[in-house]
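Trainee: Before we start, here is the structure in question, set down as structure tokens.
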Amino acid sequence: SGAIVADADEETQKLIYDFGYNLGIAFQLQDDLLDAYATGNEFGKTIGGDILADKKTYLAIEAMQHFPQEFEDIKQMEAGIKIKQAMLLYDKAGVKQKTESAITFYTQKAFEALSKINIPESQKRYLKQLADELFQEVTARAEQVRAIETRAQLTASLGGLNPEVFWQIDKELEELTA
């Protein structure tokens with residue numbers, strides 16, 4: 001680690017480790033969340049890939065704790081149905097909100113560790129800036145996608161999507177992820 005090479009004291013090494021560890025967990029949770037809830041264009045890979053691969057993500061573990069048999073049954077389903085059924089269990093278990101809370105928790109822990117490192121603020125600035133920018137970008141995209149999806153759900157509940165509305169929502173999602 002850079003802290004060891006720089007001959008930092010043990011406390012500083014531990015704090016730098018804690019910063020990286022907690023920020024890493026927050027990013028992994030964000031990755032897992034996007035795998036389930038983002039659009040394919042936004043995320044750059046197949047949505048639901050973790051579900052199809054039966055990965056033990058935070059989301060899957062939370063859902064399994066609430067619905068163990070139902071979640072086990074999903075493993076045997078065809079791909080499209082498997083993703084839909086897993087997402088229904090995720091929603092019933094409230095895993096999206098729990099994951100978002102966990103992301104916030106680990107991000108705060110990371111920044112708490114960084115704030116305790118005994119170096120000038122000017123030296124911490126670059127790490128803070130990098131982490132802030134990454135989280136802001138991910139959060140902003142997720143919020144925009146959520147707003148568009150909410151509008152689509154509302155439109156659908158009011159009598160379905162006519163082709164013009166569907167086209168507009170699809171166009172907005174495409175522009176957002178370009």
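The values are calculated or read from the model by the stated rules, or taken from the named source; none is laboratory data. Remember, predicted model here, so these are calculated numbers, not experimental data. Every residue, glycine as well, gets a Cβ built from its backbone with ideal geometry; the counts of neighbours run over all protein chains shown. For the accessible areas, the whole protein counts, side chains as well, though only heavy atoms, and no ligand, DNA or RNA atoms are used. Shrake-Rupley method; radii C 1.70, N 1.55, O 1.52, S 1.80 Å.
Trainee: Filter the stretch 45-67 for residues that are open to solvent by 80 Å² or more (accessible area, probe 1.4 Å) and part of a helix (DSSP H, G or I) and give the result. Walk me through how you get there before you give the answer.
Mentor: Of the residues in the stretch 45-67, the ones open to solvent by 80 Å² or more (accessible area, probe 1.4 Å) are 45-46, 55-56, 65-66.
Those that are open to solvent by 80 Å² or more (accessible area, probe 1.4 Å) and part of a helix (DSSP H, G or I): GLN65, HIS66.
Trainee: Looking only at residues in the stretch 76-116 that are closer than 16 Å to LEU127 by Cα and open to solvent by less than 20 Å² (accessible area, probe 1.4 Å), which one is nearest to the chain's Cα centre (by Cα)?
Mentor: My answer is ALA110.
Trainee: Does any residue of the stretch 37-60 turn out to be under 17 Å from the mean Cα position of the chain (by Cα), under 20 Å from THR104 (Cβ atoms) and at pLDDT below 90?
Mentor: Yes, some residue in the stretch 37-60 is under 17 Å from the mean Cα position of the chain (by Cα), under 20 Å from THR104 (Cβ atoms) and at pLDDT below 90.
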